[in-house]
């Protein structure tokens, strides 16, 4: 069985699943439509962003920072290796980040959903970006959102030191 957009001769890991090429196209289309900038500021410096389930866009699951939001969202989605069989994502170097990629894979297996990225703020300096990221993590924890950030475990129950 061939899927639309599949390259002839390409190795298919699971013949009943979409190919890596099909998933890559799906990811690129998703990034075009599911990256929002609600900062109302010029896109300069470092962006503070959240990833969330597209069904609950305000329920952040991860907070991060990047100078290139589109590229960073693509990195998150590609790191999840959605074309590989379901298993613990052994290829993720940091065990602290594995739950994030398991979540992305679970989202995808539930109706081919992918996380939505929302840029909340742009920061002119790296020092300001670290403070803003920590503040957003603390705000999400205050709202009792189940973050995948490793900092969330360290900060839970502590007052912010910013």
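The values are calculated or read from the model by the stated rules, or taken from the named source; none is laboratory data. Please read all numbers here as calculations on a predicted model, not as lab measurements. Cβ atoms come from the backbone with ideal geometry, glycine included; neighbour counts cover every protein chain shown.
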| request: Could you grab me the full set of residues in the range 31-58 that are crowded, with 19+ Cβ neighbours inside 10 Å and more than 15 Å from the chain's Cα centre (by Cα)? | output: 46
| task | Specify which of the listed residues (70, 61) is surrounded by fewer than 15 Cβ atoms within 10 Å (Cβ to Cβ), in contact with a helix residue (DSSP H, G or I) (Cβ under 7 Å, 6 or more places away or on another chain) and modelled with pLDDT of 95 or more. | result | 70
